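The structure under discussion appears below in the form of structure tokens.
Laboratory data are not the source of any read-out in this text; all were calculated from the coordinates shown. Keep in mind the model is a prediction, meaning the values are calculated, not measured. As a convention, Cβ positions derive from the backbone with ideal geometry for all residues, glycine included, and neighbour counts pool all protein chains shown.
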Amino acid sequence: MKKALLIYSGGLDSTTCLFWALDEFDEVETITFNYNQRHNIELEYSKETLKLAKKIKNKEIKSHNFSIDLSQIGGSALTDKSLDIPKNRAEAEIESGIPITYVPFRNGIFLSISAALAEKQDITNIIGGWNMLDYSGYPDCRDDFLNTFEKAVNFGTKRAQEGKPFKILTPLIEMTKADIIKFGKSHQADYSYSYSCYNGEKEPCGECDACLLRKKGFQGAGFSDDFLVRIGKA
């Protein structure tokens, strides 16, 4: 039986991975992190997306919620409200440098915890919605990092040493946001509750990097944004 653990935030990329994984695997479990981030709206909405996915795919999804306080480390506008979220940046500016919304080594931390849970749950495949294109320059979203981390997990776990190695799956790694949305739609993805905005208001600001990249993605894919349609703002 093919099983997978998905690192699931409730955002657009992880929602795409959720619907893809439900088509590709017999059993899918999710792990969602509350890391004392700037807001919890994405986490609240993620539960609604899970309900939709269960109904659309007619499959059960076992979900795990993990709490860790990354605000103790700080250094990011996503964990420190005293830091301003960048707004209305030009595309060239978004693509240059690493912005203040980078959370130090967040994906490394999430992957470590996910690998431990996967080992306990007897799951080989770990999925994440990382991608190197149309992103904000985060170094822990890159293919070379993820490939190297997979090797580290397999050196450092009992399961792998006993001949059952882990695989970190990155189905979106070389896709633009438009490609991701089209890929998701081909797997019946419903983005009505997928949330991307950094600011945490119930209505997305439309000005932060995440909102701008999402808007560009839906325009490029030729679809209306399901979330905006649901709230009557499309």
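As a rough guide to protection, the peptides 37-44, 60-67 ranked by mean Cβ packing within 10 Å, highest first, stand as 37-44, 60-67. Put +1 on the Cβ of every Lys and Arg and -1 on every Asp and Glu Cβ in region 3-230; which of Ile7, Leu83, Val103 then has its Cα farthest towards the positive end of the dipole? Checked the options; the winner is Ile7. Evaluated at 4 °C with a viscosity of 1.567 mPa s, what Stokes-Einstein diffusion coefficient in µm²/s does region 1-70 have when Rh comes from the Kirkwood expression over alpha-carbon pairs? D = 105 µm²/s.
The order of Phe183, Phe166, going from fewest to most other C-beta atoms within 10 Å of their C-beta, is Phe183, Phe166. Return the FRET efficiency for the residue pair Cys205, Glu48: r is the Cβ-Cβ distance, R0 is 25 Å, and the value is rounded to the nearest 0.05. Efficiency computed from Cβ-Cβ geometry: 0.80.
Output the direction-averaged projected area (hull surface divided by four) of the convex hull of the alpha-carbon atoms of region 44-175, in nm². Mean orientational projected area (region 44-175, Cα hull): 10.1 nm². Cross-link pairs exceeding 28 Å in C-alpha to C-alpha distance, out of Lys2/Lys54; Lys120/Lys185; Lys59/Lys164; Lys120/Lys151; Lys51/Lys215; Lys120/Lys182, comprise Lys120/Lys185; Lys120/Lys182. Average projected area of the Cα convex hull of region 162-234, in nm²? So the mean shadow area of the Cα hull is 6.7 nm². Placing pseudo-labels 7 Å out from each Cα toward the beta carbon at Arg230 and Lys158 gives an inter-label distance of 4.0 nm. In summary, no helical segment of the chain meets the span-like criteria, namely a full DSSP H run, a Cα extent along the axis of 27 angstrom or more and a mean Kyte-Doolittle hydropathy of at least -0.5.
Computed over the chain, the alpha-carbon pair-distance distribution with 5 angstrom bins reads 1, 7, 14, 19, 21, 18, 12, 6, 2, 1, 0, each value a whole percent.
All alpha carbon pair distances within region 66-138 were sorted into 5 Å bins beginning at 0; the resulting P(r) in whole percents reads 3, 13, 19, 20, 18, 14, 8, 4, 1.
Listing Val28, Val103 from fewest to most neighbouring C-beta atoms within 10 Å gives Val103, Val28.
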